[in-house]
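The values are calculated or read from the model by the stated rules, or taken from the named source; none is laboratory data. Everything numeric here is computed off the predicted structure, so don't read it as measured data. We place every Cβ from the backbone using ideal geometry, glycine too, and count neighbours over all the protein chains shown. Side chains are part of the model used for accessible areas, which takes the heavy atoms of the whole protein and leaves out ligands, DNA and RNA. Shrake-Rupley method; radii C 1.70, N 1.55, O 1.52, S 1.80 Å.
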Amino acid sequence: MKLVVLTGAGISAESGLRTFRGNNGLWENEKIEDVATPEGYYRDKARVRNFYNSLRVGLPNYKPNAAHFALAKLEERLGDDFLLVTQNVDDLHERAGSKRVLHMHGALKQLRCEANESHVFNFDGEETAETKCPFCGAPTRPHIVWFGEIPLYMDKIENALLHTKEFAYIGTSSVVYPAAGFKQLAKHYKAHVTCLNLEVDREDRNTDAFLEGKASEVVPTWCENFK
Ligand code: NAD
């Protein structure tokens, strides 16, 4: 594995999708405990479904930006030596052409079965109490990893970090674990670690190189120069 890239909300910011913690953060109008925890979901399923329904149906209003396209182009060059891990639940990486992408926090355009978590299926439109799992007929829920739930694909991601020569993290504030710990893990396994962000912390001991600036500007140049 030559390169593992982790992306966060910052890569989609210039596409118009709000980040988690910035001004006008995505969660500003809703409390995290209401729409991003299992407890909130079981308290008021309709409210939580509506929150994700509105995000899902709004996706076509946003377009991938130059950073998403640059990563897709780099993947074409590196093939199986490349893995993209995203914390984002939007579909902008896929719409830019990325194929080897793992949505560790789930995806808006998928639902899963409430009875069997391995029943995951693609979904467009609005989920209701009547939406049923196509595999077994049980009720469904958004395929989103909420606070307190275990992120997806952890085995695959840790294995890739163990073998990769380079790890880069783009547009993520590095506060949501376990993703925030990937740079430390990669460094421990001897990878070279690069941070690309609007603002970088040059004191970070787990990072070797820093590229400060907007994702749409720094990511394409970094991708083109990647050997
Ligand atoms: P975050 O909001 O905590 O951090 C965003 C980071 O992006 C910050 O470090 C900021 O400096 C940086 N940033 C902002 N604009 C940028 C730009 N134009 N170019 C480069 N960097 C920029 O986001 P996070 O670390 O991804 O964690 C938030 C969680 O919320 C994730 O788990 C994610 O699942 C979820 N989320 C997803 C989306 C989405 O799917 N687009 C949006 C918001 C939140």
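Residue count for region 180-198, restricted to those that are small (Gly, Ala, Ser) and closer than 16 Å to residue 210 by Cβ: 2. Contact map, region 173-187: first residue farther than 18 Å from residue 156 by Cβ and assigned to a helix (DSSP H, G or I), second residue open to solvent by 20 Å² or more (accessible area, probe 1.4 Å) and more than 8 Å from the ligand (Cβ to nearest atom), Cβ cut-off under 9 Å, separation 6 or more or different chains; pairs are 184/205; 184/206; 187/205; 187/206; 187/208. Considering region 141-173 alone, what residues qualify as being hydroxyl-bearing (Ser, Thr, Tyr), away from the ligand (no atom under 11 Å from the Cβ) and open to solvent by less than 20 Å² (accessible area, probe 1.4 Å)? Across region 141-173, the qualifying residue is only 164. For region 19-65, a residue qualifies if it is in a loop (DSSP other than H, G, I, E, B), surrounded by fewer than 17 Cβ atoms within 10 Å (Cβ to Cβ) and either touching a Leu at 6+ places or on another chain (Cβ under 6 Å) or at pLDDT 95 or above (or both), and the qualifying residues are 44, 62, 63.
This table checks each residue for (1) out of contact with any His (no Cβ under 8 Å at 6 or more places or on another chain); (2) over 28 Å from residue 61 (Cβ atoms).
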site: 89; (1), (2): no, no
site: 122; (1), (2): yes, no
site: 131; (1), (2): yes, no
site: 154; (1), (2): yes, yes
site: 160; (1), (2): yes, yes
site: 172; (1), (2): yes, no
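Yes or no: residue 130 acidic (Asp, Glu), without any contact (Cβ under 8 Å) to a residue 40 or more places away in the chain and open to solvent by 30 Å² or more (accessible area, probe 1.4 Å)? It is true that residue 130 is acidic (Asp, Glu), without any contact (Cβ under 8 Å) to a residue 40 or more places away in the chain and open to solvent by 30 Å² or more (accessible area, probe 1.4 Å).
The set of residues from region 66-107 being open to solvent by 20 Å² or more (accessible area, probe 1.4 Å), assigned to a loop (DSSP other than H, G, I, E, B) and of a type outside the set (D, E, K, R) comprises 87, 89, 97, 105.
I'd like to check something: does region 188-209 contain any residue that is of a type in the set (Phe, Trp, Tyr) and more than 15 Å from the ligand (Cβ to nearest atom)?
Yes, region 188-209 contains a residue that is of a type in the set (Phe, Trp, Tyr) and more than 15 Å from the ligand (Cβ to nearest atom).
Pairing each residue of region 49-63 that is farther than 16 Å from residue 29 by Cβ with any residue that is among the polar types (S, T, N, Q) and part of a helix (DSSP H, G or I), provided the two are 6+ apart or on different chains, yields C-beta distances under 8 Å for 62/12.
Checking the structure you have, find out if any residue of region 202-213 is at pLDDT 95 or above, touching a helix residue (DSSP H, G or I) at 6+ places or on another chain (Cβ under 7 Å), open to solvent by less than 20 Å² (accessible area, probe 1.4 Å) and not polar (S, T, N, Q).
no
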